1. Using DSSP to define loop residues, name the chymotrypsin sites (Phe, Trp or Tyr not before Pro) in region 81-121 whose beta-carbon has at most 15 other beta-carbon atoms within 10 Å.
2. Once ligands and nucleic acids are excluded and a 1.4 Å probe is used, how much of Ser33 is accessible, expressed in Å² to the nearest 10?
3. Calculate what fraction, in whole %, of the accessible area of region 36-121 sits on carbon and sulfur atoms when a 1.4 Å probe is rolled over the protein chains.
4. Could you compute the longest span of the chain free of GluC sites (Glu not before Pro) located in DSSP loops and having at most 15 other Cβ atoms within 10 Å, not counting the site residues?
5. Per residue, how much accessible area does the chain show when a 1.4 Å probe rolls over the protein heavy atoms, in square angstrom?
6. Over the chain, calculate the relative contact order: mean separation of alpha carbon pairs under 8 Å at least 6 apart, over the residue count, as a percent.
7. Rounding to the nearest 20 debye, state how big the charge dipole of region 52-121 is about its Cα centre with +1 on each Lys and Arg Cβ and -1 on each Asp and Glu Cβ.
8. With everything on Cα atoms, drop me the angle between helix 12-25 and the longest principal axis of the chain, reported from 0 to 90° to the nearest 10.
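The values are calculated or read from the model by the stated rules, or taken from the named source; none is laboratory data. Since we're looking at a predicted model, the values are computed, not measured. Because the Cβ atoms are built from the backbone with ideal geometry, glycine has one as well, and the counts that use them run over all protein chains shown. With ligands, DNA and RNA removed, areas are computed over all heavy atoms of the protein, side chains included. Shrake-Rupley method; radii C 1.70, N 1.55, O 1.52, S 1.80 Å.
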Amino acid sequence: MTTEVSKVVATDTALALIEKVKTKHGPVMFHQSGGCCDGSSPMCYAQGEFLIGDSDVWLGDIGDAPFYMSKAQYEYWRNTQLIIDVVPGRGGMFSLEGPEGQRFLTRSRMFTDEERRVLGL
């Protein structure tokens with residue numbers, strides 16, 4: 001029996017903040033680029049306001065919001081499950097949660113050997 005393994009998940013606190021942001025802005029999506037400054041944090045955008053291209057990898061959905069990561073960044077994180085959480089503070093300059101006094105943060109854990117097998121890593 002094969003178990004489904006998610007490359008990205010969100011804590012209950014993150015899911016609550018996603019819902020709050022969606023109430024104000026409509027459907028949203030996430031992107032994590034891995035660049036300096038804000039690029040190393042998950043950024044929340046209104047769907048359609050950030051263009052996804054061939055250099056981005058879809059990791060899954062959290063709170064009905066697609067989560068993408070740049071291919072270069074994904075190579076560093078491919079053996080880990082991303083856990084999107086929330087901490088106090090301002091988010092990235094263009095991230096929609098900024099005015100809420102909270103920001104999204106990426107935590108991670110290494111996949112087990114079995115999870116890696118299921119994911120084909």
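1. Working: sites: Phe94, Phe104, Phe111; in loops: Phe94, Phe111.
Passing sites in region 81-121 are Phe94.
2. 50
3. On the way: 2570 of 4880 Å².
Percent of accessible area from carbon and sulfur atoms in region 36-121: 53.
4. 50-121
5. 57
6. 29
7. Charge dipole of region 52-121: 260 debye, to the nearest 20.
8. 50
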